[in-house]
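Below is one structure, written out as structure tokens; the observations come after it.
Derivation of every value follows stated rules applied to the coordinates shown; laboratory data play no part. These figures come from a predicted structure and were not determined experimentally. Cβ: placed from backbone, ideal geometry, glycine included. Neighbour counts: every protein chain shown.
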Amino acid sequence: MIKVIRKYNKLWLICAFASYISLGHGQENVKVLTKTIDKSFPYQNQRIEIIGEKAMVNITGWTKKLVVVQLKLIAKHNSREVIDREIDYCRYILKDEHDVIELKNFFVLPKNTDGVQADLRAEYEVFLPIGVEAKITNNYGNTVIKKVSGSLTMDAAYGDLYLNDLLSDIDITAKYGDIVMRNCSGNVNCTAKYAKIEMHKHRGVFVANLSYADVILGILNDVSNINITAKRSDIQIETGSLTEFGFDFVNQYGDITVPNKLRDKLIIDDSRQTFQTNGEKEIQISNSFGEIKILNIVYE
């Protein structure tokens with residue numbers, strides 16, 4: 001399974017290197033045109049919808065009763081004529097209507113246009129009040145969310161998610177990207193494929209349905225419950241305690257690796273392996289064609 005993820009990462013690196021070579025020696029000749037739009041909306045418990053396309057989305061929580069956004073529309077190319085023309089392909093909607101604050105960027109090409117020559121993209125800087133209900137969709141770009149409280153629904157494709165210091169229930173749907181969660185509190189429901197997932201210092205419940213994933217779950221002292229259904233995924237549990245968790249693992253056509261002191265609980269029956277222990281908190285994992293591993297780590 002790790003080979004599948006590495007192959008995906010290697011392909012991404014090859015594409016990035018090819019893009020670097022294509023700009024190469026002419027980098028100093030690349031011209032950049034940026035349009036900046038600033039907008040703020042009084043917050044009166046509206047639902048927030050953020051829809052990014054080829055966008056870098058940065059979201060931060062704050063205590064003000066305002067939703068504030070700065071949106072940058074960016075065009076890059078060696079030709080000034082090209083960026084002057086194609087910056088107009090970048091469109092946006094920033095509005096408060098029908099109890100929904102909508103922040104959206106997209107691209108519209110004129111008729112009879114063969115394609116886009118410039119590198120077109122968007123950058124969001126968004127500040128959200130406490131207790132928001134927000135849906136964030138981002139395709140072909142990274143999303144960073146920090147210090148937000150409330151209820152979050154996220155849909156990401158071909159980009160990474162970085163979630164830090166959240167006090168939120170979170171629903172994640174993702175493919176072809178990384179998901180990194182640190183110091184978050186709340187219930188998390190995650191559906192992901194072709195993804196690398198890291199979760200550290202989580203407080204609450206984590207439920208996941210995964211395929212073709214690499215997963216590391218670490219520093220689980222405050223986690224309430226973990227339930228993972230997976231296929232063709234490698235899942236690693238890193239914990240400083242082997243007694244506070246009740247492990248319930250089933251792996252079909254894959255190995256379960258545990259510390260030596262727990263190997264008497266491991267049952268191998270042809271293509272099926274199971275592992276069960278008793279503990280106050282439950283970690284349940286069902287997997288196939290991948291590895292499940294427990295690492296006993298002493299944290300400083």
Checklist line | Complete set of residues in segment 140-157 that are crowded, with 16+ Cβ neighbours inside 10 Å and under 12 Å from residue 173 (Cα atoms) | finding: 152, 153, 154, 155, 156
Checklist line | segment 115-131, residues that are closer than 17 Å to residue 104 by Cβ and aliphatic (A, V, I, L, M) | finding: 120, 122, 126, 128
Notebook entry, point to check: In segment 74-106, which residue that is farther than 11 Å from residue 119 by Cα and touching a Lys or Arg at 6+ places or on another chain (Cβ under 6 Å) is surrounded by the fewest Cβ atoms within 10 Å (Cβ to Cβ)?
Noted result: 80
Item checked: Every residue from segment 162-179 that is over 16 Å from residue 205 (Cα atoms) and either in a loop (DSSP other than H, G, I, E, B) or touching a Leu at 6+ places or on another chain (Cβ under 9 Å) (or both) -> 174, 177, 178, 179
Item checked: Count of segment 110-126 residues which are surrounded by fewer than 20 Cβ atoms within 10 Å (Cβ to Cβ) and either of a type in the set (Asp, Glu) or in contact with a strand residue (DSSP E or B) (Cβ under 9 Å, 6 or more places away or on another chain) (or both) -> 6
Note to self: Cβ-Cβ under 6 Å, sequence separation 6+ or interchain: first residue in segment 96-112 and closer than 15 Å to residue 124 by Cα, partner outside any strand (DSSP E or B). Which pairs?
What the structure shows: 101/46
Next item on the list: Tell me, please, whether a residue that is assigned to a strand (DSSP E or B) and under 30 Å from the mean Cα position of the chain (by Cα) can be found in segment 259-271.
Entry: no
